[in-house]
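The block underneath contains the structure these notes are about, expressed in structure tokens.
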Amino acid sequence: MILSPPFLPARGAGQSHDAWLQTTMPPTASRLADTRAAEGSFPLSHGLAWHNGVHIQAPADAAGAGMPVRAIADGHVIFVHAPTAANARIDDAQNYNPFDRAGTRTAAWTDNGCVVVQHTTTIGVAGTAETEVVFCSLYMHLSALGRSAAGRPWQAGDAIWRKDTIGQPGRIYGHEGQIHFEISLDDANLRRLIGRAPDGPAPVVAPAVPPAPIADGRVDAVFGSLYFYLPASTPTATGARPASSLRQAARTTLEQAVWVKMSYEHGGCVMETFDVHGVSVRALPAQADAEYELYHEASIRHAALPPADRASSSISGWYELLRFGRNLGRGPAATDRDGLPAQAAHWRQIAGLAGTPVWADLNAAGSFKFSDADFLPVMGWHCFGDDTQPTDQRCDSPRLKEWIRDPDAANANRMEPAQLAARLGVPEVQRKLRRAICRFPSEWERGTSGQRYGFAQDLLEQVAPGSDAWPRLQAHLQALTFDGLPAACLAADWRPHPIEFFSALAGCGWLSQNELPQLLPRQHGPDAAHLAAISWATARARFEPYRVALNRTLRKYLIENALRQTHFLAQTYIETAMWQTMEEFGRAHQQRRNGVPYWPAAAMEYYGAFYGRGIMQLTWAGNYESYGDYRPLAAADAGHAYVDERISRVSLHYWADPRDRNGRIVAQPQRWSPRFDPSTVSSVVFIACDSGAHYWVSKNVGQGHLNINRACDAGMTTAAVGRASVLVNGGGYGYAERQGYAAFIHRFRADSTESAATSTFNVTHGTRTHSVHVDFTPQRPR
């Protein structure tokens with residue numbers, strides 16, 4: 001799932017994604033001094049009325065104008081209403097001013113341009129079936145419409161792509177540069193998104209001790225932060241981390257159940273403790289490099305096992321335990337070899353309920369594991385679909401009212417609408433409402449607008465008794481609502497807070513069948529005169545056999561954000577010849593030119609049968625051995641005939657380049673048999689992908705540090721791309737091409753709004769300067 005906000009201001013240097021996200025959708029300022037709810041707030045606004053989305057003030061561009069509104073994801077336009085031309089007539093229904101009082105009449109134009117887009121994406125996979133989610137995004141109060149690829153204003157049925165210009169922000173009650181923005185889903189897709197049925201009808205009343213979970217969270221979608229429920233009996237220790245990798249008899253325990261949130265951020269790891277009600281106790285300082293060193297740490301914990309337990313264990317299994325808190329499982333038993341001993345301990349330092357750091361076993365008996373994909377109620381996510389008057393735009397949800405009401409039981413009127421509305425500005429209530437997912441009808445349906453807002457007559461009477469306020473409001477509602485809204489839009493009546501929706505899904509880097517092919521260049525080559533073409537059909541065909549395995553790989557090794565995926569994919573393009581092959585061309589056989597034998601690359605003579613395979617072209621017997629030990633891959637049977645005839649039961653092979661700087665052979669070859677058949681790395685789809693990422697995170701990047709993600713996190717610069725290239729390839733092969741591929745991927749994977757059709761720049765490797773040409777023709781269906 002690739003999402004971006006409806007406005008795309010540049011991200012500041014060092015600015016986190018969450019901090020940047022807040023700048024992309026700033027709320028409009030409230031303009032009523034006596035209101036208790038900010039204007040355009042979600043899910044409730046003035047008078048306890050349901051409000052579908054949020055009002056956003058467009059960030060200013062370099063010239064000081066409001067930025068254009070952009071599509072948040074790929075999809076299809078399902079509804080368009082062109083904006084009415086603005087005027088200053090006081091009697092025009094779009095000049096209705098809600099801030100008027102009795103006897104006053106001022107003009108305050110509100111634009112009525114509207115576009116609705118339906119999106120289909122994927123967030124994970126269960127077995128072989130991907131979890132697909134369909135949702136709608138709605139952009140209202142546009143002053144002008146953007147244009148489709150055909151050069152005309154958007155129309156229903158048009159394909160639209162993430163970051164396409166939807167239109168220009170308009171006016172809301174006379175204030176420039178604003179839009180209403182909302183996200184909506186129907187019941188079936190909400191269930192797919194959150195991984196469960198919406199909360200039941202019982203009131204939200206916190207028990208003294210909330211019930212413990214009874215199962216781990218979902219495994220189809222796992223992303224973002226991880227959460228652990230630890231029972232009171234969880235073993236703890238102080239001082240150094242317990243040396244054993246197995247569960248121990250508890251000398252001390254937590255004594256009270258807690259929740260722990262584990263977040264990998266910028267190569268580090270942050271552990272935060274919550275009580276059973278989800279109230280934060282303390283977050284410990286970030287453990288620097290903890291994520292970068294996951295492979296190293298997994299190796300240590302595997303090696304610490306008693307020999308009798310290693311047969312059921314693997315470094316890969318320990319990596320999954322440290323990464324996800326559990327083994328997710330993925331496919332056929334023959335390739336799913338991420339073993340862990342039944343009593344594996346997952347020791348992490350956390351804050352106890354008193355705030356003091358202790359070591360706790362996150363895999364203790366009675367513990368349960370989740371992620372942001374579970375939208376946990378204890379972390380504030382609740383669904384409210386119990387409105388008793390669903391045809392009325394005022395909130396009549398008993399459960400939501402329980403959330404909002406004054407906690408003082410002595411207040412006999414605390415459930416009255418006026419008192420509930422007065423609570424909407426309370427910071428604690430605002431915080432809770434951000435994670436409320438509510439079910440109520442669209443406010444944009446014209447035929448029912450009078451009925452839905454009938455409750456407002458009483459409120460208007462209080463403001464301007466005996467006036468024509470209600471007829472004027474009715475006319476205004478007619479001007480801002482629509483006939484002919486599509487059924488898909490009306491059926492999508494579950495609504496999350498848009499900013500929380502983006503924040504929750506920020507960690508989901510699962511690339512759908514229409515997202516991943518867009519990252520393969522349509523045109524590529526050394527200059528504008530020598531370009532090779534890859535069609536949309538070809539791009540999809542090359543990725544599709546590997547896409548699910550690749551996504552699982554990216555998820556496991558934390559290659560989930562735009563920056564890391566850009567670096568990683570750019571390297572795979574040159575290694576796999578744009579995903580054409582999982583085996584090195586020529587398979588390291590000696591070639592002939594004019595009858596004279598020669599080696600296309602000098603090293604081929606020495607790596608031979610251990611030529612490049614998989615998405616990172618694993619080369620040399622030593623790298624194959626390392627991966628076989630990591631999974632581990634079973635040794636070949638005694639009678640096995642290796643696919644490459646250069647390997648036999650007695651053949652000898654070099655583990656790495658045996659030559660010194662002067663070209664002299666200084667290393668001794670070793671026997672490979674009976675280890676696994678290297679052909680597995682190219683013939684088994686999951687291993688072809690997993691082996692590449694294993695190499696990525698286990699690579700020594702200098703000074704004893706592992707993980708090429710370190711180089712990625714330096715940014716999208718030619719230096720960072722060059723560093724990753726050298727770490728992957730060991731030399732200058734494809735150095736310029738890798739730079740060009742990274743630039744192309746970055747344009748379409750990240751939040752860049754660059755629009756140049758081509759780019760040419762220079763990069764230097766060693767003593768040679770390369771000219772890099774990039775053609776940014778989008779890779780899309782035609």
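The values are calculated or read from the model by the stated rules, or taken from the named source; none is laboratory data. Computed from a predicted structure; not experimentally measured. Every residue, glycine among them, receives a Cβ derived from its backbone with ideal geometry; neighbour counts consider all protein chains shown. Protein only, heavy atoms only, side chains kept; ligands, DNA and RNA dropped before computing areas. Shrake-Rupley method; radii C 1.70, N 1.55, O 1.52, S 1.80 Å.
Annotations
- Under 24 Å of direct C-alpha separation, and excluding same-chain neighbours fewer than eight residues apart, residue 369 reaches these lysines: 261, 432, 556.
- Spacing of the modelled spin labels on residue 411 and residue 196, each 7 Å from Cα toward Cβ, amounts to 2.9 nm.
- Figure legend: label point modelled 7 angstrom from the Cα of residue 733 along Cα→Cβ; residues of the range 548-570 with amide N under 17 Å from it are 570.
- Look at the alpha carbon pairs under 8 Å that are at least 6 residues apart: their mean separation over the length of the chain gives a relative contact order of 12 percent.
- Karplus-derived 3J(HN,Hα) values for the range 254-267, using 6.51 cos²θ - 1.76 cosθ + 1.60 with θ = phi - 60°, are 5, 6, 9, 5, 9, 10, 10, 9, 10, 10, 8, 9, 6, x Hz; glycine and proline are entered as x.
- A Förster distance of 51 Å, applied to the separation of the beta-carbon atoms of residue 483 and residue 648, puts the FRET efficiency at 0.10.
- Gain in span if fully extended, residue 101 to residue 535, counting 0.36 nm per residue against the direct Cα distance: 150.1 nm
- Computed extension gain for residue 601 through residue 661, at 0.36 nm per residue and net of the alpha carbon distance, reaches 20.0 nm.
- Kirkwood hydrodynamic radius of the range 42-165, Cα pairs, Å: 17.3
- FRET efficiency for residue 29 and residue 209, using Cβ-Cβ distance with R0 set to 56 Å, rounded to 0.05: 0.85
- Once the Cα-Cα distance is subtracted from the 0.36 nm per residue extended length, the residue 391 to residue 304 segment shows a gain of 25.0 nm.
- Expected 222 nm ellipticity per residue - DSSP helices of 4 or more, -39500 (n - 2.57), all of the chain, to 500: -6500 deg cm²/dmol
- Length-normalised contact order for the range 633-782 - Cα pairs under 8 Å, 6+ apart - percent: 13
- Cα gyration tensor shape of the range 158-276, rounded if a/c is under 1.5, else prolate or oblate by comparing a/b with b/c: prolate
- Per residue, the convex hull volume that the Cα atoms of the range 711-782 enclose (Å³): 102
- Coupling constants for the range 640-645 follow from the phi torsions by the Karplus curve (6.51 cos²θ - 1.76 cosθ + 1.60, θ = phi - 60°), and in residue order they are 5, 9, 5, 4, 8, 5 Hz; glycine and proline get x.
- Apportionment of accessible area to carbon and sulfur, the range 521-564, percent (1.4 Å): 59
- Applying Stokes-Einstein at 25 °C and 0.890 mPa s to the Kirkwood radius of the range 392-546, computed over alpha-carbon pairs, gives a translational diffusion coefficient of 118 µm² s⁻¹.
- Whether the chain is rounded, prolate or oblate, judged on the alpha carbon gyration tensor where a/c under 1.5 counts as rounded: oblate
- Calculated from backbone phi, Karplus (6.51, -1.76, 1.60) coupling profile of the range 776-781 in Hz, x at Gly/Pro: 9, 4, x, 8, 8, x
- Percentage of interatomic Cα-Cα distances in the range 337-441 larger than 18 Å: 66
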